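Written out below as structure tokens is the structure these notes cover.
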Amino acid sequence: MKQGKKLTRKMIKFLEDKGLNPNEYLVERKTSKEVGFINKDTKQVIYFECDWGKV
């Protein structure tokens with residue numbers, strides 16, 4: 001598993017729209033089609049399809 005990175009403003013808004021608390025997540029992987037978030041406490045990775053392109 002890669003080291004998590006800080007969220008951008010678009011990612012924070014994206015997580016809030018999904019009903020998740022952005023303070024609990026870091027970015028694990030981002031591509032033009034999907035993005036993976038790591039939960040800081042449980043270390044679980046969640047992948048979402050995204051359409052915003054390069055973030």
Self-check item: Given charges at Cβ of Lys, Arg, Asp, Glu: the chain dipole, positive-most of Val45, Gly4, Tyr25
Solution: Gly4
Quiz prompt | trypsin sites (Lys or Arg not before Pro) within the stretch 2-32, DSSP loop, no more than 16 other Cβ atoms inside 10 Å | solution = Lys2, Lys6, Lys18
Quiz item: Put a dot 7 Å past each Cα toward the Cβ at Lys6 and Tyr47; how far apart are the dots in nm?
Solution: 2.8
Quiz prompt | Shape category assigned to the chain from the gyration tensor of Cα positions, a/c cut at 1.5 | solution = oblate
Self-check item: Dipole magnitude of the chain about its Cα centre (Cβ charges: Lys, Arg +1; Asp, Glu -1), debye to nearest 20
Solution: 320
Exercise. Give the cross-link partners of Lys33 among the aspartates and glutamates, using a straight C-alpha distance below 12 Å as the criterion and excluding same-chain residues fewer than 8 apart.
Key: Glu49, Asp51
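Sum up the charges of everything whose Cβ sits under 9 Å from the Cβ of Val45, counting Lys and Arg as +1 and Asp and Glu as -1, but leave Val45 out.
+1
Where a number appears in this text, it was derived from the coordinates with a stated rule and is not lab data. Keep in mind the model is a prediction, meaning the values are calculated, not measured. A quick note on method: Cβ atoms are made from the backbone with ideal geometry, for glycine too, and the neighbour counts reach across all protein chains shown.
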